[in-house]
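The values are calculated or read from the model by the stated rules, or taken from the named source; none is laboratory data. Given the structure is predicted, the values throughout are model-derived calculations rather than measurements. In this analysis, Cβ positions are derived from the backbone assuming ideal geometry, glycine residues included, and neighbour counts consider all displayed protein chains.
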Amino acid sequence: MDIQHATILIVDDDAFLRAMLERLLGQLKARAVVSAETGERALELLETHPDTIDLMICDIEMPGMTGFELARKVRYGVVERYRHPPILML
């Protein structure tokens, strides 16, 4: 995957970590970075975001829906077009 052509979704309940990852990915010249503070919000973004999400970077331990639960929902096709994107768990 060429990061300069990638749209990346960051899912983390920690605002500092989201900002740090956004800044790092910006320095690496990612095409676009989208972030969500919860698994529920991440699913909404997957359904509505106009660009294709090429990679998800996801926290494992979040309140409500954990990163594992989010990954399971994505893999089982809650949002059909995102059954197979790479998911990096933190």
So which residues in the stretch 38-86 are in contact (Cβ under 8 Å) with a residue 40 or more places away in the chain, of a type in the set (A, V, I, L, M) and either closer than 21 Å to ILE3 by Cβ or loosely packed, with under 15 Cβ neighbours inside 10 Å (or both), if there are any at all?
ILE53, LEU55, MET56, ILE57
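Results for (1) among the basic types (Lys, Arg); (2) within 15 Å of ASP13 (Cα to Cα); (3) in contact with a Leu (Cβ under 8 Å, 6 or more places away or on another chain), shown as yes or no for each residue.
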| site | (1), (2), (3) |
| --- | --- |
| MET56 | no, yes, yes |
| ASP59 | no, yes, yes |
| THR66 | no, yes, no |
| LYS73 | yes, no, yes |
| GLU80 | no, no, no |
Can you tell me which residues in the stretch 20-31 are surrounded by fewer than 17 Cβ atoms within 10 Å (Cβ to Cβ) and over 11 Å from ILE10 (Cα atoms)?
ARG23, LEU24, GLY26, GLN27, LEU28, LYS29, ARG31
So which pairs qualify, if the first residue must be in the stretch 21-37 and at positive phi, the second must be at pLDDT 95 or above and surrounded by fewer than 20 Cβ atoms within 10 Å (Cβ to Cβ), the Cβ gap must be under 7 Å, and the two must be at least 6 apart or on different chains?
none
